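**Q** Sharing a structure here in structure tokens format.
The values are calculated or read from the model by the stated rules, or taken from the named source; none is laboratory data. Because the structure is a prediction, the values reported are computed rather than measured. Here Cβ is always computed from backbone atoms with ideal geometry, including for glycine, and neighbour counts include all displayed protein chains.
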Amino acid sequence: MTETEQKKEYLKEYEKAVRQMKRSEEKITEMRLSKIMPSAGNDGMPHAHNNTDLSGYAALLDEEERRYMKARYHRIKLCREITDKIERMDNEDEKDVLMYRYIRLMKWEDICVKINKSWKQTHRIHARALNNFIV
């Protein structure tokens, strides 16, 4: 893997971290909803449940939330690290292209419009930005 490819992969870690955080949040939300509305099973039919003791459920939910918060801290730290490294760059056009592409996940066409440059100019700026980006 070339140095440029390694830099791209590093920058793509931002998107991965955000997606992982969203999945974890959805999992916790689903756990909470399944206990609030236990009769809503996958088949849509009501089922009898023993809702007398919630301590086991509470312990599971607490464990999952702790695991989520620990992982979230590391993911937020990584996201902040990536954005800080982009912000430390000297050239504003290069910063913009990297932020729009890897942080805001914009398409190339939208980036060209946003920075008011042609497709070719935008890709040249991107190539320069990757060369100047320090991991």
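**Q** What is the one condition in (1) closer than 23 Å to Glu5 by Cβ; (2) touching a helix residue (DSSP H, G or I) at 6+ places or on another chain (Cβ under 7 Å); (3) among the basic types (Lys, Arg); (4) at pLDDT 95 or above that Arg75 does not satisfy?
**A** Here Arg75 clears every test but (4).
**Q** Which of the residues spanning the range 98-117 are more than 17 Å from Thr4 (Cα to Cα) and part of a helix (DSSP H, G or I)?
**A** Tyr100, Ile103, Trp108, Glu109, Asp110, Ile111, Cys112, Val113, Lys114, Ile115 - these are the residues of the range 98-117 that are more than 17 Å from Thr4 (Cα to Cα) and part of a helix (DSSP H, G or I).
**Q** Suppose the filter is in contact with a His (Cβ under 8 Å, 6 or more places away or on another chain) and surrounded by 14 or more Cβ atoms within 10 Å (Cβ to Cβ); does Arg128 pass it?
**A** No.
**Q** Could you tell me whether the range 101-120 includes any residue that is surrounded by 14 or more Cβ atoms within 10 Å (Cβ to Cβ), in contact (Cβ under 8 Å) with a residue 40 or more places away in the chain, closer than 16 Å to Val18 by Cβ and not basic (Lys, Arg)?
**A** yes
**Q** Here's something else I'd like to know. Residue under question is Glu94, and the condition is that it be closer than 23 Å to Glu15 by Cβ, free of Cβ contacts under 8 Å to residues at least 12 places away in the same chain and out of contact with any Leu (no Cβ under 7 Å at 6 or more places or on another chain); does it hold?
**A** No: the conditions fail for Glu94.
**Q** Please verify whether Lys95 is among the basic types (Lys, Arg), more than 23 Å from the chain's Cα centre (by Cα) and either modelled with pLDDT of 95 or more or part of a helix (DSSP H, G or I) (or both), treating the condition exactly as stated.
**A** no
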